[in-house]
Amino acid sequence: MADDVSFPCYYVQKEAAGVRAEPTRRTLADLPPGDVLVRVAYSSLNYKDGLSATGNPGVTRKFPHVPGIDAAGTVEASSAADLRPGEAVVITGHDQGQNTWGGWAGFVRVPADWIVKLPEGLSPRDAMSYGTAGLTAAQCVEALQRRGVIPGAGEVIVTGASGGVGSIAVGLLAKLGYDVTAVSGKPAAAELLQRLGARRIVGRGDVDDKSGKPLLAARYVGAVDTVGGNMLATLLKSMQRGGVVAACGLVGGAELPLTVFPFILRGVDLAGIDSVECPPEQRRRIWSNLAGPWSLPQLEDLTTEITLDEVGTYVERILKGESTGRIVVRPTTTR
Ligand code: NDP
């Protein structure tokens, strides 16, 4: 494909006056070198994309930049023997959308080892409804399973439950038979969370202990935490003996105000989750599970589709904690 072929993208520049971000067009010559050119059918909006799109140096240091840590579509050109043109693929994490131009664009060009072939039964749009959020939620579920938290053992709690990772974690855990409590700051999301299978819904304030006690009543056998900060500390203090917390997020803060007592008196297990460098075998297993036995019948209910023209509004929302479910991005613009 000729280098002067142009495509739509969401272009973020740092200028003296601040960050300028807008839909525009660029050409294939602007893309970084890489093994595989992928025509993007859909990308998605994750909290991290919100940070990247607003110039947060913790995510993106190289500008101008195109955000989008997720992309799904078809191979357009490839120097990798096992990735032929027309093949449906998904790419999440690695450096995509961080310091390598990402999926909020008509095309991405990436190393072959970032790519997972889409399993049978999963469309590029469905893959982006899950996206990094789905991969991360599934990693959290696997972390609980691996550490022996089984359905029927007791209450499992999910924080940030109406968000991307949280809503998919609620859905997956309920589908697998766990007794799920959802923590949400959005009363309007209660119906969605019930449809996803949450048995109880509690407010953020119920999991935000300010007493200063080193341990609280032992209640949960498992937890998926997307919030961090005092909420993660409260969960760790509230776990039953041998309980497991899978921690992946920091929307509520990066600090962890805690003593060692949950670990040394109750044997609580804190499992850290990193989706960016998730090993290839685990990625393939999770995508195949999401296409098959773990697929969520409620996926469409929790998905909102937008174009590049609407991304700015949704970025503001996700950074304020106001986003619900998953946002898929169709890389088109009227500009
Ligand atoms: P979303 O914004 O979609 O979801 C976050 C949810 O957290 C919100 O919807 C809200 O849910 C809740 N929330 C927001 N602000 C606060 C707050 N101040 N205190 C308590 N709860 C809050 O984001 P994502 O699902 O995309 O990401 C969630 C987190 O997980 C982020 O920190 C992200 O960086 C991290 N993450 C980490 C990954 C990894 O590999 N470790 C991969 C993917 C995400 P509600 O209103 O229901 O309470």
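The values are calculated or read from the model by the stated rules, or taken from the named source; none is laboratory data. Predicted model, so just to flag it, every value in this text is computed and none were measured. Ideal geometry is used to build each Cβ from the backbone, glycine not excepted, and the neighbour counts take in all protein chains shown. Only protein heavy atoms, including side chains, enter the accessible area calculation; ligands, DNA and RNA are left aside. Shrake-Rupley method; radii C 1.70, N 1.55, O 1.52, S 1.80 Å.
Tell me which residues, restricted to region 73-94, are open to solvent by less than 30 Å² (accessible area, probe 1.4 Å) and either modelled with pLDDT under 95 or aliphatic (A, V, I, L, M) (or both).
Those that are open to solvent by less than 30 Å² (accessible area, probe 1.4 Å) and either modelled with pLDDT under 95 or aliphatic (A, V, I, L, M) (or both): VAL75, ALA80, LEU83, VAL89, VAL90, ILE91.
I'd like to check something: does region 137-147 contain any residue that is charged (D, E, K, R) and in contact with a Pro (Cβ under 9 Å, 6 or more places away or on another chain)?
So far as region 137-147 goes, no, none of its residues is charged (D, E, K, R) and in contact with a Pro (Cβ under 9 Å, 6 or more places away or on another chain).
Can you go through ALA190, ALA198, ALA218 and tell me which one is surrounded by 14 or more Cβ atoms within 10 Å (Cβ to Cβ), out of contact with any Gly (no Cβ under 7 Å at 6 or more places or on another chain), within 30 Å of GLY93 (Cβ to Cβ) and at pLDDT 95 or above? If you could, list the steps in order and put the result at the bottom.
Numbers: ALA190 fails: within 30 Å of GLY93 (Cβ to Cβ); ALA218 fails: within 30 Å of GLY93 (Cβ to Cβ).
Just a single option satisfies the conditions, and that option is ALA198.
Scanning for something open to solvent by 10 Å² or more (accessible area, probe 1.4 Å) and on the phi > 0 side of the Ramachandran plot, does region 15-27 turn up at least one residue?
yes
For the condition closer than 22 Å to ASP49 by Cβ, within 12 Å of the ligand (Cβ to nearest atom), open to solvent by 20 Å² or more (accessible area, probe 1.4 Å) and not basic (Lys, Arg), what is the one hit in VAL165, VAL158? Talk me through it step by step, then tell me what you get.
Numbers: VAL158 fails: open to solvent by 20 Å² or more (accessible area, probe 1.4 Å).
Every option except VAL165 fails the conditions.
Of all residues in region 158-214 being of a type in the set (Asp, Glu) and either free of Cβ contacts under 8 Å to residues at least 24 places away in the same chain or outside any loop (DSSP other than H, G, I, E, B) (or both), which is nearest to LEU250 (Cα to Cα)?
To start, the set of residues in region 158-214 that are of a type in the set (Asp, Glu) comprises 179, 191, 206, 208-209.
Next cut, either free of Cβ contacts under 8 Å to residues at least 24 places away in the same chain or outside any loop (DSSP other than H, G, I, E, B) (or both) only: 179, 191, 206.
Numbers: ASP179: 24, GLU191: 25, ASP206: 18 Å.
Once the filter is applied, the top-ranked residue is ASP206.
Looking at region 252-330, what helices (runs of 4 or more DSSP H) fall wholly within it and have at least 3 residues that are open to solvent by less than 20 Å² (accessible area, probe 1.4 Å) and over 22 Å from LEU192 (Cα atoms)? Walk me through how you get there before you give the answer.
Numbers: elements: 261-266, 280-291, 311-319.
Because the criterion is at least 3 residues that are open to solvent by less than 20 Å² (accessible area, probe 1.4 Å) and over 22 Å from LEU192 (Cα atoms), the helices (runs of 4 or more DSSP H) in region 252-330 that meet it are 280-291.
Return a yes/no flag: does region 46-53 have any residue that is touching a Phe, Trp or Tyr at 6+ places or on another chain (Cβ under 6 Å), open to solvent by 40 Å² or more (accessible area, probe 1.4 Å) and outside any loop (DSSP other than H, G, I, E, B).
Of all residues in region 46-53, those touching a Phe, Trp or Tyr at 6+ places or on another chain (Cβ under 6 Å) come to none.
No, region 46-53 contains no residue that is touching a Phe, Trp or Tyr at 6+ places or on another chain (Cβ under 6 Å), open to solvent by 40 Å² or more (accessible area, probe 1.4 Å) and outside any loop (DSSP other than H, G, I, E, B).
Can you tell me which of GLY205, GLY121, GLY148, GLY177 is at pLDDT below 95 and more than 9 Å from the ligand (Cβ to nearest atom)? Talk me through it step by step, then tell me what you get.
Values: GLY205 fails: at pLDDT below 95; GLY148 fails: at pLDDT below 95; GLY177 fails: at pLDDT below 95.
Only one candidate qualifies: GLY121.
Look through TYR47, TYR42 and report the one residue that is touching a residue at least 60 places away in the same chain (Cβ under 8 Å), away from the ligand (no atom under 14 Å from the Cβ) and out of contact with any Leu (no Cβ under 7 Å at 6 or more places or on another chain). Even if it seems obvious, please write down each step before you answer.
Values: TYR47 fails: away from the ligand (no atom under 14 Å from the Cβ).
Step by step, each of TYR47, TYR42 is checked, and only TYR42 is touching a residue at least 60 places away in the same chain (Cβ under 8 Å), away from the ligand (no atom under 14 Å from the Cβ) and out of contact with any Leu (no Cβ under 7 Å at 6 or more places or on another chain).
Output the number of residues of region 95-106 satisfying the condition of being of a type outside the set (Gly, Ala, Ser) and within 17 Å of ALA127 (Cα to Cα). Outline the logic, then answer.
As a first pass, look at region 95-106 and keep what is of a type outside the set (Gly, Ala, Ser): 95-96, 98-101, 104.
Still in the list and also within 17 Å of ALA127 (Cα to Cα): 96, 104.
Going through region 95-106 one residue at a time, the tally reaches 2.
Cβ-Cβ under 7 Å, sequence separation 6+ or interchain: first residue in region 308-331 and over 20 Å from GLY166 (Cβ atoms), partner open to solvent by 20 Å² or more (accessible area, probe 1.4 Å) and assigned to a loop (DSSP other than H, G, I, E, B). Which pairs?
Pairs that qualify, where the first residue is over 20 Å from GLY166 (Cβ atoms) and the partner is open to solvent by 20 Å² or more (accessible area, probe 1.4 Å) and assigned to a loop (DSSP other than H, G, I, E, B), are LEU308/THR332; LEU308/THR333; ASP309/THR333; ASP309/THR334.
For region 108-135, what are the residues that are open to solvent by 10 Å² or more (accessible area, probe 1.4 Å) and of a type outside the set (D, E, K, R)?
Of the residues in region 108-135, the ones open to solvent by 10 Å² or more (accessible area, probe 1.4 Å) are 109, 111-126, 132.
PRO111, ALA112, TRP114, ILE115, VAL116, LEU118, PRO119, GLY121, LEU122, SER123, PRO124, THR132 - these are the residues of region 108-135 that are open to solvent by 10 Å² or more (accessible area, probe 1.4 Å) and of a type outside the set (D, E, K, R).
Is it the case that some residue within region 95-107 is on the phi > 0 side of the Ramachandran plot, in contact (Cβ under 8 Å) with a residue 40 or more places away in the chain, open to solvent by less than 10 Å² (accessible area, probe 1.4 Å) and in contact with a Gly (Cβ under 6 Å, 6 or more places away or on another chain)?
Of all residues in region 95-107, those on the phi > 0 side of the Ramachandran plot come to 97.
Within this subset, residues satisfying the condition of being in contact (Cβ under 8 Å) with a residue 40 or more places away in the chain are 97.
Still in the list and also open to solvent by less than 10 Å² (accessible area, probe 1.4 Å): 97.
When the remaining residues are screened for being in contact with a Gly (Cβ under 6 Å, 6 or more places away or on another chain), the result is 97.
Within region 95-107, one or more residues are on the phi > 0 side of the Ramachandran plot, in contact (Cβ under 8 Å) with a residue 40 or more places away in the chain, open to solvent by less than 10 Å² (accessible area, probe 1.4 Å) and in contact with a Gly (Cβ under 6 Å, 6 or more places away or on another chain).
When you go through (1) buried (at least 16 other Cβ atoms within 10 Å of the Cβ); (2) at positive phi one by one for GLY242, which number turns out not to apply?
Against the list (1) buried (at least 16 other Cβ atoms within 10 Å of the Cβ); (2) at positive phi, GLY242 comes up short only on (1).
Go through ASP274, ASP269 for me and flag whichever is within 14 Å of the ligand (Cβ to nearest atom) and of a type in the set (D, E, K, R). Even if it seems obvious, please write down each step before you answer.
Values: ASP269 fails: within 14 Å of the ligand (Cβ to nearest atom).
Unique residue meeting the criteria: ASP274.
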